[in-house]
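Heads up, the thing below is written out as structure tokens.
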Amino acid sequence: MRTHLAKFVLLTLSLLLLFSSSVSLADQSFIDTKTGQAMKIDSALFTTEQSKKFLSTGENPYNGNAEAIASGKKHYQTYSCAQCHGAQAQGQTAAGLIGPKFNHSKSATDKGMFEIIWAGTNGGMSAKGQGVMDPTNKSNGLSPDEILKLIAWVRSQGKG
Ligand code: HEC
């Protein structure tokens, strides 16, 4: 009886382990907003612990992190987002980014907003925030880590 129980526990544990390892191995799949097709983002571009976590979970670890939010604000200014979306992301020539209503409903999620900033939209939003940028070129425009900090700043504007 005892050995049966032990075997059962062992089997359950190994199944759990198998399941969790396969989940953590699978990266998020990203969708290009322009085409609606899957888009491949080189996982080597996710260089920080936080951006790696985002790649595997789709969650933004920088949300609520004051230091990250402060650098996110700088990226927002450096990449001219403010010129179209307003200094507080409240909207200017282009719509605000605070929500709760968005042109693209996926902007409500961090993964969706990341996809829009990475590859742009057909409605006048450029890839990685500037002119004609190549979203596959890592030396061109924002890195994944910078985009996550930028999003954390945008989300912080919606509160209070
Ligand atoms: C030249 C003007 C311009 C600049 C600069 C610009 N955007 Fe945009 N952005 C737009 C326009 C226009 C849209 C609406 C596009 C659409 O609806 O498809 C948009 C849409 C978006 C959306 C989707 C909003 C929604 O309602 O779903 C996000 C997110 C966004 N921009 C983020 C950024 C960020 C972050 C930057 C800086 C890195 C930036 N934008 C720079 C013009 C700009």
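Could you please rank PHE102, PHE114, placing first whichever residue has the fewest other Cβ atoms within 10 Å of its Cβ?
Numbers: PHE102 16, PHE114 24.
By the 10 Å Cβ count, ascending, the order reads PHE102, PHE114.
Go through LYS34/LYS111; LYS73/LYS128; LYS53/LYS106; LYS128/LYS149; LYS53/LYS111 and tell me which ones have a Cα-Cα distance over 18 Å in this structure.
Result: LYS53/LYS106 exceed 18 Å.
Ranked by Cβ crowding within 10 angstrom, fewest neighbours first, how are MET125, MET39, MET113 ordered?
Starting with the residue having the fewest Cβ neighbours, the order is MET39, MET125, MET113.
Only Lys, Arg, Asp and Glu count, each charged at its Cβ (+1, +1, -1, -1), so figure out the dipole size of region 28-157 about its Cα centre, rounded to 20 debye.
Charge dipole of region 28-157: 180 debye, to the nearest 20.
FYI, it's all coordinate maths here, none of it is from the lab. Here the structure is a predicted model, which means the values were calculated and not measured. With ideal geometry, Cβ positions are generated from the backbone for all residues, glycine too; neighbour counts draw on all protein chains shown.
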